[in-house]
Amino acid sequence: MWIYLNDKFVKQEEAMISVFDHGFLYGDGVYETIRSYGNRIFMRDRHVARLFRSADGIGLTIPIPMKDWPDLLRESMVRNDVGNDRRDAYLRITISRGVGDIGLDPALCPHPTVVIMARSLTAPAAHLYEKGVKLIVASTRRNLPSALSPQIKATNFLNNIIAKREAIAAGVFDSILLNWEHHLTECTVSNLFFVTDGHLQTPALECGLLDGITRTIVIQLARELQIPVEDGRFTPDQLYRADECFLTNTSMEIMPVASVDHRPIGEGKPGPLTSKLREQFIGSRERFLEQATSH
């Protein structure tokens, strides 16, 4: 694997970062994950813009101008033989505060560390889409937005990791995190939607969750299909009584949910509105891809 590290591409075994990097020492950094369909990157500019917003949120200056990112991402895919007719690409960008003496002062780190990794995308197993996945409501609460904004995709992911450990221990696909008011927020790496009486419902951003890019697209597609959409403050009991449920993120698109806390949602299988939105998403993907290139 070729990895972009700071200012050049190096082989994986040469991609070394100092133990004094503040990303390693303190989780002081931001990241973004992106995918391609063939050689075309999904919502590339929106993802890169969010990376810059996350960096601004922690006072971190990204040393590579926004205009240079498309070529860097393209080269990452080409060097690793992904993002082509044979393999969709999974791209991970990490920007840390950089190397500096031990201490919390960001001024100790004069130069941020920049990493781009590109590998083949591993899609979820087909049977998960056919049967739906199982979730639990975690005992772990989502970080307070006033303590750490959920709109910052920070490399410190311990809140999500602890909730993921709960899901693993329960033998289910993932956990739903509640906020400080016991309202639904999101899962560890995805946004949450459910359907009640033909209405599509999703937790409001004010509840403390990431404004997911696929989440925004699904809301847009639902409105185009004239499906009523409501974002608000919802409880687990409202979710238990829902007719359908699904998750969204960039890599898995729309993932149906069969049960929450061992209670079937609706008929305990992917519902008709979930299937309709998934079909619409797949049929509309062309709109959300970067323009085709001659490479």
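No value in this document is a laboratory result; all are computed from the given coordinates. Computed from a prediction, not measured in an experiment: that's the story for all the values here. Don't worry about glycine lacking a Cβ; one is built from the backbone with ideal geometry, like all the others, and counts go over all protein chains shown.
Straight-line reach from residue 67: which aspartates and glutamates fall under 19 Å, measuring Cα to Cα and dropping same-chain residues less than 8 apart?
Reachable aspartates and glutamates: 7, 32, 45, 56, 75, 290.
Where both residues lie in the chain, what percent of DSSP beta bridges are antiparallel, nearest 5?
In the chain, DSSP labels about 80 percent of beta bridges as antiparallel.
How large is the Kirkwood hydrodynamic radius of segment 2-120, counting all unique pairs of alpha carbons, in Å?
14.7
Which order do 40, 263 fall in if you start with the one that has the fewest other Cβ atoms within 10 Å?
If I rank by nearby Cβ atoms, fewest first, I get 263, 40.
In Å and whole numbers, how far do the C-alpha atoms of segment 193-295 stretch along each principal axis, longest first?
51, 29, 26
Given the options 49, 126, 167, state which has the largest fluctuation in a GNM of the chain using a 10 Å cut-off (strictly under) for Cα springs.
Comparing 49, 126, 167 in the GNM, the peak value goes to 126.
Under 27 Å Cα to Cα from residue 276, which lysines show up? Leave out anything in the same chain fewer than 8 places away.
By straight Cα distance, residue 276 reaches 131, 134.
Taking the simple approach of a point 7 Å from Cα along Cα-to-Cβ for both residue 11 and residue 161, what is their distance in nm?
Placing both labels 7 Å beyond Cα along the Cβ direction yields 3.0 nm.
If you put +1 on each Lys and Arg Cβ and -1 on each Asp and Glu Cβ, how big is the dipole of the chain around its Cα centre, in Debye rounded to 20?
420
Using the Karplus curve 6.51 cos²θ - 1.76 cosθ + 1.60 with θ = phi - 60°, work out ³J(HN,Hα) for each residue of segment 38-55 in order, rounded to whole Hz, and write x for Gly and Pro.
x, 9, 10, 7, 7, 6, 4, 5, 5, 5, 5, 4, 5, 4, 5, 5, 4, 4
With both bridge residues required to lie in segment 126-285, what share of the DSSP beta bridges run antiparallel, to the nearest 5%?
Expressed as a percentage, antiparallel bridges in segment 126-285 total about 60.
Specify the angular offset, from 0 to 90 degrees and rounded to the nearest 10, of the alpha carbon long axis of helix 272-284 from the longest principal axis of the alpha carbons in the chain.
40
Quick check on the exposure proxy: order 146, 259, 120 from fewest to most C-beta atoms within 10 angstrom.
146, 120, 259
Sorting 252, 66 on the 10 Å Cβ count, fewest up front, what's the list?
Neighbour counts put them in this order, fewest first: 66, 252.
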